[in-house]
1. Put a dot 7 Å past each Cα toward the Cβ at Glu72 and Val87; how far apart are the dots in nm?
2. Within a 10 angstrom radius of the beta carbon, how do Val31, Val13 rank from fewest other beta carbons to most?
3. Eight or more residues apart or on different chains, and alpha-carbon atoms under 25 Å: count the Lys pairs in the chain matching that.
4. Averaging sequence separations of C-alpha pairs under 8 Å and six or more residues apart, then dividing by the length of the chain, give the relative contact order as a whole percent.
5. Round to the nearest 10 and give me the degree value, 0 to 90, for the angle of helix 38-48's Cα axis relative to the longest principal axis of the chain.
6. Which residue, Leu21, Leu65, Leu41, has the most motion in a Gaussian network model of the chain that connects Cα atoms within less than 10 Å?
7. Can you compute the label reach from Arg55? Point 7 Å from Cα along the Cβ direction, backbone N cut-off under 12 Å, restricted to the range 3-30.
8. Roughly how big is the chain's charge dipole about its Cα centre, with Cβ charges of +1 (Lys, Arg) and -1 (Asp, Glu), in debye to the nearest 20?
Amino acid sequence: MDKEMPKPINIFVKFDPILELITGQTEMKIVMSEGASFIFLIQSIFTSYPEIPKRYQPGRLAMILNNRRPTEYEFLHDGDRIIFQAVDGS
């Protein structure tokens, strides 16, 4: 039985100016497989930019998916837009 490969989807991630200093980008396109979860995307970003989780403890990063707060295991869809922001702890 020949299974189809998952289709690629494009996810657009925008970084605030503080995180841009770490990533060197204001926005990036990430290609993932259809069925990828939000938490997998975040782990992928943390793997690519380990300085982010080192510098910002849990609760110090805000993430917005298509103008709303995402759930950890929510599935991503082609064209989704994510805003990634550092939250001031003071």
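1. If labels sit at Val87 and Glu72, their model points lie 1.6 nm apart.
2. Lowest count first: Val31, Val13.
3. Counting lysine pairs in the chain gives 4.
4. Worked out over the chain, it gives 40 percent.
5. The answer is roughly 60 degrees.
6. Its mean-square fluctuation being the largest, the pick is Leu21.
7. 16-25, by backbone N distance to the label point.
8. In debye, rounded to 20, the chain gives about 200.
No lab work stands behind these numbers, since they all come straight from the coordinates. Model, not experiment: these values are computed from the prediction. Note that we place each Cβ from the backbone using ideal geometry, even for glycine, and neighbour counts take in every protein chain shown.
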